[in-house]
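First up is the structure itself, then whatever we jot down about it.
Where a number appears in this text, it was derived from the coordinates with a stated rule and is not lab data. Here the structure is a predicted model, which is why all the values come from computation and not from measurement. Note: ideal-geometry Cβ built from the backbone for every residue, glycine included; neighbour counts use all protein chains shown.
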Amino acid sequence: MHLSDFIDFSAIRTSLTAREKRGLLQRLAQAAASQLDMDAGTIADALLEREALGSTGFGGGVAIPHGKLEGLDRVYGLVARLDQPLDYDAIDKMPVDIVFLILSPPDAGADHLRALAAVSRVARHGTAIEKMRGARGRDALAAVLMGADERTAA
């Protein structure tokens, strides 16, 4: 699976403001809800439920919050760059400033895992993450993601 299969490039956020993890998850839920025509509270609850199992802070300043939701018919993702890094209880204890949100239908286990793998390939590519941090706008950030998608697909 490639990022372009599930990332909503029109929903990329380049300076999302959040001061703590719960607030960030709620902001992400609101952004996804407006794109998916779903209830933001339901999305936030799914993200918080998953987060209660363990932090989705991937390391290197990246988080991959994810959850499964009734009513979705496909894997959906969006990307946000925060205006300021925040404490996310990441595995490496580093603050997070790049976030990949993944939402999936409950029965999309394999596709959900493929989406997580696609994001983790990009997140492990330090050059791509640094380029994401330096991208000046949504189109530039989308171009970095598409380039990273092509490199990791090879």
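Name every residue in the range 44-60 that is in contact with a helix residue (DSSP H, G or I) (Cβ under 9 Å, 6 or more places away or on another chain) and not polar (S, T, N, Q), in order of residue number.
Matches in the range 44-60: A44, D45, A46, L47, L48, E51, G57, F58, G59, G60.
Using the structure shown, decide if L25 is within 15 Å of the chain's Cα centre (by Cα), closer than 21 Å to I91 by Cβ and not charged (D, E, K, R).
yes
Taking into account only those residues within the range 12-31 that are in contact with a Gly (Cβ under 9 Å, 6 or more places away or on another chain) and assigned to a helix (DSSP H, G or I), which is surrounded by the fewest Cβ atoms within 10 Å (Cβ to Cβ)?
Q26
With respect to A46, is the statement that it is part of a helix (DSSP H, G or I) and in contact with a Lys or Arg (Cβ under 9 Å, 6 or more places away or on another chain) true?
Taking the combined requirement at face value, the residue satisfies it.
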